[in-house]
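Novice: This is the structure I want to talk about, given as structure tokens.
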Amino acid sequence: MLPLFPLDTVLFPGCRLDLQIFEPRYLDMISGCLRRDQGFGVVAILEGREVGAAPDRLASVGCEARVVDWQQRPNGLLGIRVEGARRFAVRTLQVADNQAVSAEVEWLSEPADQPAGVEHAELQALLAALIEHPLVVDLGLDEPVSGRQLLADRLAYLLPLERAQKLELLAELDASRRLQQIAEWVALLQE
């Protein structure tokens, strides 16, 4: 069973997310993951809230998160930075007495990465502009991106798309199709 962290966001492989942990169920989960050197699943909440009882409905696809840094915040809470790793499909959910959620998952395997081509130059330029935004700079996503997988995932993560659009992109394993869909949506945003 993979421990899950339901959030109002969609995490993608190769992308980073900062979290502030304060609920006992998530402190226990993070502690266990660090002890076992394993990740946890980030899944988008479709109905319900992040805090309190387990959400009513979760997305059927998610992304494994690995803790890459942590620190005690000035407010005494635990701050962690995670990086997205593997995609997964949720098969069965289990909610514990403390409202911690875990799932049986199927790991989704992506095709071998291909280099981004000339046809992706505009999307690469868009990513270069996005990573200069002050809120993104702090995440350290500025390393060069040459492959289609990471280009598609970073754009899907950083663009202001609807949650349903992001989940559609997370579920699509073919990076070329993800890039084509992103290009279509960007063109619509520019109209």
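Novice: Give me a count of the residues in segment 173-191 that are surrounded by 19 or more Cβ atoms within 10 Å (Cβ to Cβ) and over 11 Å from residue 123 (Cα atoms).
Specialist: Qualifying residue count, segment 173-191: 2.
Novice: Based on this model, can you work out whether residue 129 counts as closer than 30 Å to residue 57 by Cβ and either open to solvent by 20 Å² or more (accessible area, probe 1.4 Å) or assigned to a helix (DSSP H, G or I) (or both)?
Specialist: no
Novice: Further question: Testing residue 169 on (1) of a type in the set (A, V, I, L, M, F, W, C); (2) assigned to a helix (DSSP H, G or I); (3) under 28 Å from residue 1 (Cα atoms); (4) out of contact with any helix residue (DSSP H, G or I) (no Cβ under 7 Å at 6 or more places or on another chain), one condition comes back false. Which one is that?
Specialist: The one condition residue 169 does not meet is (4).
The values are calculated or read from the model by the stated rules, or taken from the named source; none is laboratory data. These figures come from a predicted structure and were not determined experimentally. A quick note on method: Cβ atoms are made from the backbone with ideal geometry, for glycine too, and the neighbour counts reach across all protein chains shown. Heavy atoms of the whole protein, side chains included, go into the accessibility calculation; ligands, DNA and RNA do not. Shrake-Rupley method; radii C 1.70, N 1.55, O 1.52, S 1.80 Å.
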